[in-house]
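Encoded as C-alpha cells, the structure appears first; notes follow it.
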Amino acid sequence: MLLDGATVESNFQRFVKRIIENETVYYLSNDNGVAESVSNDDEETNVLMFWSDRAYAARANDIFEEDFNETEMELFDFLYRWLPGMSGDNVLAGPNWNGELVGREIDAFELREIIEEKMSPELHKKYEAKYNELTKNT
C-alpha cells in the first residue's frame, strides 16, 4: 500500500512532536531482538521502526508473524545510543509507520538532527548535562 506524501509527512511530524513532548519512543521487541523491515526503496537496507505512541506500535505489531512487545525507551537513549548505532550500521529509521509497515524512511543521523532542532533549549540543556555526566568517566 502506498501512502500519499502528505500522510507520510504528517505521520513523521506527529512522531517528532510527540516523542519530544513525552520524552518516550516506542518500538517492537522480543527475545530475538527488535522488529525490522526491509526498506521499500532498497532491498539491501533494513529499517528499524519507531512510534510516538504505544497504540501505533500495537497496530503495526499485528502484521508480524512473530510475537513482539510494544517496548518504550527514553528519548535520551534513542538520541544518544540507538540512532548513533543505527547510523554506524547503515540502518534506516522508520518513524510512525502505519499498520501496513509503510512510511518515511530516514537516515538515523538526519532524524537525530531534526529532533534536536525541535527540542526546547531546556531539554537540550538537560540532555547535554546527562550526556556529559555519562561520558565523563570514559
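Points worth noting:
- Estimated [θ] at 222 nm from DSSP helical runs (n ≥ 4, -39500 (n - 2.57)) normalised by residues in the chain, nearest 500: -13000 deg cm²/dmol
- Between residue 74 and residue 116, the simple spin-label model (points 7 angstrom out along Cα→Cβ) gives 1.8 nm.
- Total charge dipole magnitude, region 24-105, about the Cα centre, Cβ charges on Lys, Arg, Asp, Glu only, Debye to nearest 20: 360
- Size of charge dipole - the chain - debye, nearest 20, with Cβ of Lys, Arg +1 and Asp, Glu -1, no other charges: 740
- The calculated FRET efficiency for the pair residue 128 and residue 58, based on their C-beta separation and a Förster distance of 41 Å, comes to about 0.80.
- In region 5-135, a dipole from Cβ-located charges (positive for Lys and Arg, negative for Asp and Glu) runs towards its positive end, and of 93, 20, 103 it is 20 whose Cα lies farthest in that direction.
- Put in order of Cβ neighbour count within 10 Å, fewest first, the listed residues 39, 120 become 120, 39.
- Label of the coordinate-derived value, Rg and Dmax of the Cα atoms in Å, listed as [x] 17.6, 58; [y] 14.9, 49; [z] 14.0, 45: [y]
- Residue order, fewest to most surrounding Cβ atoms within 10 angstrom, among 7, 24: 7, 24
- Where chymotrypsin sites (Phe, Trp or Tyr not before Pro) fall in DSSP loop in region 53-138, at most 15 other Cβ within 10 Å: 64
- Loop-resident sites, region 38-118, for GluC sites (Glu not before Pro), counting at most 11 other Cβ within 10 Å (DSSP): 43, 44, 65, 66
- Residue 89-residue 21 pseudo-label distance in nm [points 7 Å out on the Cα-to-Cβ vector]: 3.0
- The fewest-to-most ranking of 79, 123 by surrounding Cβ atoms within 10 Å reads 123, 79.
Just so you know, all these numbers are worked out from the coordinates, no wet-lab data involved. Source: prediction; values computed, not measured. Every residue, glycine as well, gets a Cβ built from its backbone with ideal geometry; the counts of neighbours run over all protein chains shown.
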